[in-house]
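The values are calculated or read from the model by the stated rules, or taken from the named source; none is laboratory data. What you are looking at is a predicted structure, and each value in this text was computed from that prediction instead of being measured. Virtual Cβ from ideal backbone geometry, glycine too; neighbours counted across all protein chains shown. With ligands, DNA and RNA removed, areas are computed over all heavy atoms of the protein, side chains included. Shrake-Rupley method; radii C 1.70, N 1.55, O 1.52, S 1.80 Å.
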Amino acid sequence: MRFSQAFVPTEKEAPKDAVLPSHIYLTRAGFIAQVASGLYNYLPLGKRVLKKIEAVINEEMAHAGAQEVELSFVTPAELWEESGRIEKFGKELLRFKDRKENLFVLGPTHEEMMVNLVRNRVTSYKQLPLNLYQIKTKFRDEARPRFGLMRAREFVMKDGYSFHASTEDLDREFAAMEAAYKRILERLGLDFRIVEADSGAIGGSGSKELMVIADSGEDTLAVCDTCEYGANIEAARRGERRTVPEAPEADFNKFETPDVKSIGELAAFFHVDPYYTLKAVAKRAVYEDGDEVVVFFLRGSDELQEVKAVNAAGALDLVDVGEEELVALGLVPGFIGPLDLEGVRMIFDEDVRDAKQMICGANEKDAHFVGVDLSVLPKQTQYAELYEVKAGDACPQCGGELTFTKGIEVGHIFKLGTVYSAPLKAEFLNENGKAEPFVMGTYGMGVSRLVAAVIEQHHDDRGCIWTKTTAPYLVNIMVSNVKDEAQMELGEELYAALRAAGVETMIDDRRERFGFKMKDAELIGFPLTVIIGKELANGNIQLYDRAAGEKTDVPAAEAYTRITEWIG
Ligand code: ATP
Ligand code: MG
């Protein structure tokens, strides 16, 4: 491409609301242009990067035996009613009616559509397994679209769905998809981690996220410093404690504890480790058909993990409750305990099951119980994992130490089982001629988010630094002075030779000053810029490696060989 003819409207100023490097540089370098909140146009450079990423995905999917399809973006709302997701998805679903008053939604994900495509077309176990995917626009009316392509409303997703006759076969395909996703991210040149993820209300252990490691990531990951274990903090577990604090020794008793409300105050008052105090966290759980206050109990040394709590309650969301609301329910804020507490739903962290020597609120003002043995709780008590891991906790796999890092979720793979196939009655006949719902997996990848993720991981204060596989053009030939015949001639010669060799090349033939063109080259982030300038009179040119930040003098006669060597 000739820069003089390219549509690359670079800008000096960043968009006002842009805080992330990817948002700032992709806009300033003319890859994307915002249309409205969460809506973007892809300009030629942006479209090229998008297609690069798509090509890698397509190759790896073909290699893994998945078949590409393309489903309608506009999807009938009926399908969403059939699966029961129309309410759950809430306002993220953009609904509208056509001229005949039929209700539709813009596809935010395509489980229902894919199940609908396959049901009654695949009818026998002999036609299984099947893995279908597409790379397609999605629309989610996100509550807070932000960070440019990272959290847009309209975005591009690779979404794949697999159909199986058994869970064993799903496990095999899930592993194959995990391996394929790993190869995709490796080929894109990204530093990433595959972590255990929250499986939402569906439960089960078969949910993994692919996280690109970046400080700007919205997700917090707990990773082991010794083994491969990594998990989203929403799902992270810990191993056995290395040491358990010394237990207090007290007979069951009620104590006056005037104004002792917080865990810190309570532990200090009784001179015990917060480990032996029982923390009560009250939240309003919002369900599809109503809401209620739920009290979560866990050790004072732990914090409540909200996503775990949402799952344990089977709620859509948890919201804070005011003290007056608690009082109206007969609760005593600061002194809530599980003994004789009635009329309110309680959920306990697994870690307090049968715990001894605990100190907890007595459900009356200024009073706590000590020496509490929680094995007195009734049999039907609900226990769940509620705690949030902390840095320094033991790894659940190897006992190593957990530390935190930030990640950008670029992919999510999930064992669905029959969660969609059962309600949508998508069935096949098994070997015994009996009808069974398909066992399914789903595999999502954020294609447009990946464009941003590459830059979050690869940039500096001058702009983008594309990896070799993601760059819009691999080589940029910078002719410093286009009026200089010798410079222009060498530039054209290299441009023709590289293009003939299939190297994606830009030639900067604009009648602009060198400094101006160099700024653009840095901002756009071409991996290699060939600088043909004044030094050509002495027989030399320069190769500028954007990632390494290094300029190397090269004899002009060797230019082509040295460029192809660099490409490798
Ligand atoms: P998030 O937690 O970031 O909202 P999600 O759990 O809603 O993601 P999935 O439904 O699993 O995401 O979608 C699959 C992939 O699509 C995600 O891993 C992510 O890379 C991408 N994705 C999801 N929402 C957006 C968005 N608003 N903009 C860009 N990419 C997105
Ligand atoms: Mg989301």
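Brief remarks on what is shown
- Some residue of segment 155-167 being open to solvent by 30 Å² or more (accessible area, probe 1.4 Å), in a helix (DSSP H, G or I) and closer than 30 Å to Pro129 by Cα: yes
- For segment 296-369, the strands (runs of 3 or more DSSP E) that sit wholly inside it and include 1 or more residues that are in contact with a Gly (Cβ under 7 Å, 6 or more places away or on another chain) are 358-361.
- Scanning segment 172-187 turns up no residue that is aliphatic (A, V, I, L, M), more than 16 Å from ligand 1 (Cβ to nearest atom) and open to solvent by 80 Å² or more (accessible area, probe 1.4 Å).
- Sole residue being modelled with pLDDT of 95 or more and open to solvent by less than 30 Å² (accessible area, probe 1.4 Å), chosen from Phe73, Phe7, Phe3: Phe3
- Checked against the criterion of being in contact with a Phe, Trp or Tyr (Cβ under 8 Å, 6 or more places away or on another chain), in a strand (DSSP E or B), more than 22 Å from Gly417 (Cβ to Cβ) and open to solvent by 30 Å² or more (accessible area, probe 1.4 Å), segment 141-148 contains not a single residue that satisfies it.
- Pairing residues of segment 268-279 that are surrounded by 19 or more Cβ atoms within 10 Å (Cβ to Cβ) and of a type outside the set (Val, Ile, Thr) with residues that are modelled with pLDDT under 95 and in a loop (DSSP other than H, G, I, E, B), at Cβ distances under 6 Å and at least 6 apart in sequence or on separate chains, gives Tyr275/Pro245; Tyr276/Pro248.
- Residue in segment 77-94 that is farther than 25 Å from Tyr40 by Cβ, modelled with pLDDT of 95 or more, hydroxyl-bearing (Ser, Thr, Tyr) and buried (at least 17 other Cβ atoms within 10 Å of the Cβ) present: no
- For Lys136, the conditions (1) closer than 30 Å to Ile32 by Cα; (2) modelled with pLDDT under 95; (3) away from ligand 2 (no atom under 16 Å from the Cβ) are fulfilled apart from (2).
- Where Pro437 falls short, out of the listed (1) over 27 Å from Glu82 (Cβ atoms); (2) more than 16 Å from ligand 1 (Cβ to nearest atom); (3) in contact (Cβ under 8 Å) with a residue 12 or more places away in the chain; (4) of a type outside the set (A, V, I, L, M, F, W, C): (1)
- Members of segment 108-133 that are within 16 Å of ligand 2 (Cβ to nearest atom) and of a type in the set (D, E, K, R): Glu111
- For segment 113-131, the condition of being within 16 Å of ligand 1 (Cβ to nearest atom) and within 18 Å of the chain's Cα centre (by Cα) holds for none of the residues.
- Among the candidates Thr529, Thr564, residue that is assigned to a helix (DSSP H, G or I), of a type in the set (Val, Ile, Thr) and surrounded by 13 or more Cβ atoms within 10 Å (Cβ to Cβ): Thr564
- Selection within segment 351-379 - open to solvent by 20 Å² or more (accessible area, probe 1.4 Å) and farther than 18 Å from Asn253 by Cβ: Asp351, Arg353, Asp354, Leu377, Pro378, Lys379
- Segment 249-267, residues that are open to solvent by less than 40 Å² (accessible area, probe 1.4 Å) and under 12 Å from Phe335 (Cα atoms): Thr257, Val260, Ile263, Leu266
- None of Thr137, Thr109 is open to solvent by less than 30 Å² (accessible area, probe 1.4 Å), within 12 Å of ligand 1 (Cβ to nearest atom), under 18 Å from Gly411 (Cβ atoms) and not aliphatic (A, V, I, L, M) except Thr109.
- For first residues located in segment 34-63 and under 29 Å from Arg144 (Cβ atoms) and within 13 Å of ligand 1 (Cβ to nearest atom), partners that are in a helix (DSSP H, G or I) and of a type in the set (Val, Ile, Thr) and lie 6+ apart or on another chain with Cβ distances below 8 Å form the pairs Leu50/Val447; Leu50/Val451; Ile53/Val447; Ile53/Val451; Ile57/Ile184; Ile57/Val447.
- Test for Leu190: is it of a type outside the set (S, T, N, Q), open to solvent by less than 40 Å² (accessible area, probe 1.4 Å) and within 13 Å of ligand 1 (Cβ to nearest atom): yes
- Checked against the criterion of being in contact with a strand residue (DSSP E or B) (Cβ under 6 Å, 6 or more places away or on another chain), in contact (Cβ under 8 Å) with a residue 40 or more places away in the chain and of a type in the set (Phe, Trp, Tyr), the candidates Phe163, Phe147 yield just one match: Phe163.
- Of the candidates Ala222, Ala152, Ala214, the single residue that is open to solvent by less than 40 Å² (accessible area, probe 1.4 Å), touching a residue at least 40 places away in the same chain (Cβ under 8 Å), within 30 Å of Gly400 (Cβ to Cβ) and over 12 Å from the mean Cα position of the chain (by Cα) is Ala222.
- Residue in segment 70-82 that is within 16 Å of ligand 1 (Cβ to nearest atom) and without any contact (Cβ under 8 Å) to a residue 60 or more places away in the chain present: yes
- Flag if Glu101 is away from ligand 2 (no atom under 16 Å from the Cβ), at positive phi, open to solvent by 60 Å² or more (accessible area, probe 1.4 Å) and part of a loop (DSSP other than H, G, I, E, B): yes
- Lone qualifier among Leu341, Leu316, Leu329 - being in contact with a Leu (Cβ under 9 Å, 6 or more places away or on another chain) and of a type outside the set (Gly, Ala, Ser): Leu341
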